[in-house]
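For reference, the structure is listed below as structure tokens.
The values are calculated or read from the model by the stated rules, or taken from the named source; none is laboratory data. All values derive from a computational prediction rather than experimental measurement. Every residue, glycine among them, receives a Cβ derived from its backbone with ideal geometry; neighbour counts consider all protein chains shown. Protein only, heavy atoms only, side chains kept; ligands, DNA and RNA dropped before computing areas. Shrake-Rupley method; radii C 1.70, N 1.55, O 1.52, S 1.80 Å.
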Amino acid sequence: MNLTILGCYAATPRTFTNPTAQVLEIRNRLFLIDCGEGTQVQLRKNKIRFSKINHIFISHLHGDHFFGLVGLVSTFSLLNRTTDLHIYGPKGIQEIIDLQLKLSNSWPGYDLFFHELESKESEVIFEDDKLIVKTIPLKHRVYTNGFLFQEKIKERKLNLDAVQNYEIDKCYYQNIKNGKDITLEDGRVIENNKLTFDPVPPLSYAFCSDTVYNENIIPIINDVDVLYHEATFLDSEETLARKTMHCTAKEAATIALKANVKQLILGHYSTRYDSIALFKEQAETIFPNILLADDGKSFEF
């Protein structure tokens, strides 16, 4: 699982920082999460192939999280894209993008599918044979979701020495990897755990951007491997965090601690601060495993 941060700062873009966008690569799938202004340029800088992005998840309709979307949709057309593109986001996102495409006469030459969200409960919005994506309802000034990406349990690994010892034909290998016991020609039943090793544990990633401190998300993200959680403010601006419905670094760390996550990544920093190192310092007083997002930074788990 690889996470590339394209942008992780709040409010307006600057010459050296970008608003929220990130790419999650998991089980050979590439997902774009949020699409702030400048996302296309950041994709280029980080050498991420546009053609590999087939699913885009938008947390909410504040500009620093989706103003780059119509440009990306249009660029896909200029690059002669033919593959379907799926966009998951709050109700109203299709109306916004359709109007921009209509008035600019920029209808894409590929099929564009919108999956509009309005439930206030966690729901499955994407699933295939390798992973599942659920919403994480957040509390912000407008309807907002985070997203939970969970790998499905992989097939078991063959213990080749054991399989060959029992002289099992290769035609049964897939059934063994699927967890089935095997009956030999002499009638003996060989239990699957004698023929296989446990698979690599599935990984999970939770993205929680703009939200006030909200313990209701803890059951959804409990035990997640990696949590990205907004930390817009430091303690000195706690009152402003309440007013704007954002979190402090310590509050993000408290959520991570209570949810028993393995790793916390902080992001969505207010641009008022001279150093993001202060966010880590404050968060580490609550939770030890802290990483700091920054534009162009990649994490591999």
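Among DSSP beta bridges lying fully in segment 8-150, give the percent that are antiparallel, nearest 5.
55
Per residue of segment 226-238, what does 6.51 cos²θ - 1.76 cosθ + 1.60 with θ = phi - 60° give for ³J(HN,Hα)? Whole Hz please, x for Gly and Pro, Karplus curve as stated.
Coupling constants for segment 226-238: 9, 10, 9, 10, 4, 9, 5, 10, 8, 4, 4, 10, 4 Hz.
What figure, in Å² to the nearest 10, do you get for the accessible area of K262 with a 1.4 Å probe and non-protein molecules left out?
Only protein atoms counted, so the area is about 110 Å².
Can you sort C171, C208 by 1.4 Å-probe accessible area, starting with the largest?
Largest accessible area first, the list is C171, C208.
Do the alpha carbons of any pairs in K139/K280; K52/K262; K52/K152; K130/K180; K52/K177 sit beyond 27 Å of each other, and which pairs?
K52/K262; K52/K177
Could you please state how large a percent of the accessible area of segment 1-126 is carbon and sulfur, counting protein chains only and using a 1.4 Å probe?
About 50 percent, which is the carbon plus sulfur part of the accessible surface.
Show me, for segment 79-88, the HN-Hα J-couplings you get by feeding each phi into the Karplus relation (A = 6.51, B = -1.76, C = 1.60, θ = phi - 60°), rounded to Hz, glycine and proline as x.
Once θ is set to phi - 60°, the couplings for segment 79-88 become 8, 6, 4, 10, 6, 4, 10, 10, 10, 10 Hz.
Exactly which GluC sites (Glu not before Pro) in segment 84-154 are in a DSSP loop and have at most 16 other Cβ atoms within 10 Å?
Those that pass, being in a loop and sparsely packed, are E118, E121, E123.
Residue by residue through segment 288-301, which ³J(HN,Hα) values in whole Hz follow from phi under the Karplus form 6.51 cos²θ - 1.76 cosθ + 1.60 (θ = phi - 60°), with glycine and proline marked x?
Result, ordered by residue: x, 8, 10, 10, 9, 5, 7, 4, x, 8, 10, 10, 10, 10 Hz.
Contour minus end-to-end for E167 and D294, with contour as 0.36 nm per residue of separation and end-to-end as the Cα-Cα distance?
40.4 nm
Would you mind checking which residues have amide H under 5 Å from N18's amide H? H placed 1.01 Å from N; only 5 or more apart, or other chain.
Under 5 Å from the amide H of N18: C8, Y9.
What number comes out for the charge environment of G68, summing +1 per Lys or Arg and -1 per Asp or Glu over other residues with Cβ under 11 Å away?
With Lys, Arg at +1 and Asp, Glu at -1, the net is -3.
Send over a whole-number figure in Å² for the accessible area per residue of the chain, probe 1.4 Å.
Per-residue accessible area for the chain comes out at 48 Å².
Around T285, under 14 Å between beta carbons, what's the net of Lys plus Arg minus Asp minus Glu among the other residues?
-2
Any idea what log10 I(q)/I(0) is at q = 0.11, 0.14 Å⁻¹ for segment 51-157, Debye with uniform C-alpha scatterers and no solvent?
Log10 I(q)/I(0), no solvent term: -0.39, -0.61.
At a threshold of 8 angstrom on Cα-Cα distance, excluding pairs fewer than six apart, so keeping six or more, what relative contact order does the chain reach in percent?
Dividing the mean separation by the residue count of the chain yields 16 percent.
Once the whole set of protein chains is in place, how much accessible area is left on R141, using a 1.4 Å probe, in Å² to the nearest 10?
Its accessible surface works out to 130 Å², give or take rounding.
Given a 1.4 Å probe and every protein chain left where it sits, what share in percent of the accessible area of segment 174-249 is carbon and sulfur?
Answer for segment 174-249 is 50 percent, counting heavy atoms of protein chains only.
Based on the alpha-carbon gyration tensor of segment 1-93 and its eigenvalue square roots a ≥ b ≥ c, which shape applies: rounded if a/c is under 1.5, prolate if not and a/b is larger than b/c, or oblate?
Note, shape of segment 1-93 comes out rounded.
Between E185 and T239, what is the spin-label point distance in nm, taking each point 7 Å from the Cα along the Cα→C-beta axis?
In this crude label model, E185 to T239 measures out at 8.4 nm.
Dividing the alpha-carbon Rg of the chain by 2.2 N^0.38 Å yields what?
Relative to the 2.2 N^0.38 Å estimate, the chain comes out at 1.15.
Give me the distance between the Cα centres of segment 176-251 and segment 68-90, rounded to whole Å.
Cα centroid to Cα centroid, the span is 29 Å.
Taking square-rooted eigenvalues a ≥ b ≥ c of the alpha carbon gyration tensor, is segment 204-301 rounded, prolate or oblate, where a/c under 1.5 means rounded and, failing that, a/b exceeding b/c means prolate?
oblate
Determine the calculated [θ] at 222 nm for the chain from helices alone, applying -39500 (n - 2.57) to every DSSP H run no shorter than 4 residues and normalising by the residue count; nearest 500 deg cm²/dmol.
Result for the chain: -6000 deg cm²/dmol, rounded to the nearest 500.
For K280, what accessible surface area do you get with a 1.4 Å probe? Give it in Å², rounded to 10.
70
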